[in-house]
Amino acid sequence: MNETEEQLWNYIDGFCTEDERKAIEILLTSDANYRNKYAELKAFEANMPSLGIEEPSMGFTFKVMENIRAEQARVPLKTRINTGIIGAIGAFFICTILVLLGFVLVSVDWSAPSPVHLPEIKIPPVTNYLNPVVIKGFLFFDVVLGLFFLDQYFRKFFIRQK
Amino acid sequence: MQKELTDIELIELVLAGNQSAYADLVKRHQRYAFTLALRFTKSREDAEEVAQDSFVKAYKSLSAFQQQSKFTTWLYSIVYTTAMNFLRKKKLKTDSMDDDAVFTQVNLLASDLKLDSTEQKSRSYYVNLAISQLLPDDATIITLFYQGEQSLEEIAQVVGMETNTVKVKLHRARHRLKEKLEGLLKQEVRELL
């Protein structure tokens with residue numbers, strides 16, 4: 001498509017600026033070729049209203065509404081669950097637990113017959129096990145783990161890039 | 001006389017639970033939606049499927065319609081996307097109608113119309129035949145511009161392109177339509193001679 005045609009279409013559609021419009025109007029009065037091209041495009045433009053609007057079948061609206069009804073009927077069960085029922089079930093279980101807890105607390109005999117003796121826990125000396133071989137092994141394992149996660153991260157990154 | 005409700009008023013009724021208001025909305029816009037779908041599918045059955053699917057999608061996301069644009073612009077963008085997806089799924093040939101296969105398809109389309117000789121020579125017949133030979137995008141832009149009463153900005157919104165790109169595409173589409181039309185009319189003159 002040449003520039004003249006593009007200019008003329010802009011003029012016909014009213015997309016050109018005031019200066020462009022004036023320049024085109026001058027050309028239309030002075031240049032016969034330009035005027036002929038304009039007449040040609042205007043004649044083509046006159047065909048546009050005859051572009052047909054197609055009519056769908058008679059039952060189009062009915063079919064659309066039927067599809068909508070079918071879609072609504074197909075709503076998954078989880079979206080139809082009544083939250084009130086869930087709340088009621090939850091409240092029932094909470095009440096049951098509270099009643100049981102209350103009953104247990106009430107029925108407990110709080111008077112202890114003798115003082116409580118806590119058992120003594122002997123923690124083994126950890127420093128005995130931390131020899132250089134264990135520390136090196138631990139560091140080696142950390143490095144391998146670090147490299148594994150780095151590899152995973154780069155794989156995901158490159159996949160996202162692609 | 002009862003005043004006809006606007007699209008926005010009908011949408012508000014639908015959102016309030018009046019489903020029959022949506023039927024009115026469908027009746028009002030079905031022809032344009034169907035025509036737009038037909039520009040892509042080239043077959044009435046497929047176009048009906050695409051248009052129906054688009055109206056169902058529009059119903060389901062009606063509450064998401066922001067009312068920042070015309071309802072038609074929003075609806076046409078749904079039709080456009082649905083038709084594109086339909087074409088992708090069916091892997092229909094969307095090449096220019098210059099090749100033989102598509103030419104045969106156009107001839108079939110013409111014979112489907114079953115128009116009498118007087119009608120066949122009408123301007124409308126040739127314009128519609130020429131537009132059916134265009135690429136779907138070109139045909140869509142021309143249809144939206146001349147039939148859908150959409151501005152360049154609105155067409156850009158429908159097809160998801162820049163306004164300037166749409167402007168250039170509109171110029172090119174018209175140029176191609178003009179060429180097709182001239183080609184068809186020359187062919188007709190040759191047949192008459």
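The values are calculated or read from the model by the stated rules, or taken from the named source; none is laboratory data. Remember, predicted model here, so these are calculated numbers, not experimental data. Note that each Cβ is placed from the backbone with ideal geometry, even for glycine, and that neighbours are counted across all protein chains shown.
Within segment B:115-122, not a single residue is out of contact with any Asp or Glu (no Cβ under 8 Å at 6 or more places or on another chain), over 17 Å from A:Ile53 (Cβ atoms), buried (at least 19 other Cβ atoms within 10 Å of the Cβ) and modelled with pLDDT under 85. Considering segment B:146-164, the residues that are facing another protein chain (nearest Cβ under 8 Å) and outside any loop (DSSP other than H, G, I, E, B) include one that is nearest to the chain's Cα centre (by Cα), namely B:Tyr146.
Residues that are at pLDDT below 85 and of a type outside the set (S, T, N, Q) number at least 2 in the following helices (runs of 4 or more DSSP H) confined to segment A:1-94: A:3-13, A:32-45, A:60-73, A:77-80.
Look at segment A:14-30: where a residue is within 14 Å of another protein chain (Cβ to nearest Cβ) and a partner is surrounded by 14 or more Cβ atoms within 10 Å (Cβ to Cβ) and polar (S, T, N, Q), sitting 6+ places away or on another chain with Cβ atoms under 6 Å, you get A:Cys16/A:Asn10.
A single member of B:Thr72, B:Thr35 is assigned to a helix (DSSP H, G or I), under 20 Å from A:Ile53 (Cα atoms) and touching a His at 6+ places or on another chain (Cβ under 8 Å), and it is B:Thr72.
For segment B:165-193, the candidate set comprises residues that are assigned to a helix (DSSP H, G or I) and modelled with pLDDT under 80; within that set, the residue that is nearest to the other protein chains (Cβ to nearest Cβ) is B:Leu185. For segment B:15-37, filtering for residues that are more than 7 Å from every other protein chain (Cβ to nearest Cβ), of a type in the set (S, T, N, Q) and touching a Phe, Trp or Tyr at 6+ places or on another chain (Cβ under 8 Å) leaves 0. Annotation note: Cβ proximity below 6 Å between a residue of segment B:47-58 that is under 12 Å from A:Phe62 (Cα atoms) and a residue that is among the charged types (D, E, K, R) (sequence gap 6+ or interchain) occurs for B:Gln52/A:Lys63.
Summed over segment B:38-71, the residues that are loosely packed, with under 15 Cβ neighbours inside 10 Å and at the interface with chain A (Cβ under 10 Å from one of its Cβ atoms) give a count of 2. Taking only pairs six or more apart or across chains, which ones have beta-carbon atoms under 6 Å, a first residue in segment B:126-141 that is without any contact (Cβ under 8 Å) to a residue 24 or more places away in the chain, and a second residue that is of a type outside the set (S, T, N, Q)? Listed by first residue and then by second, the contacts come to B:Asn128/A:Gly52.
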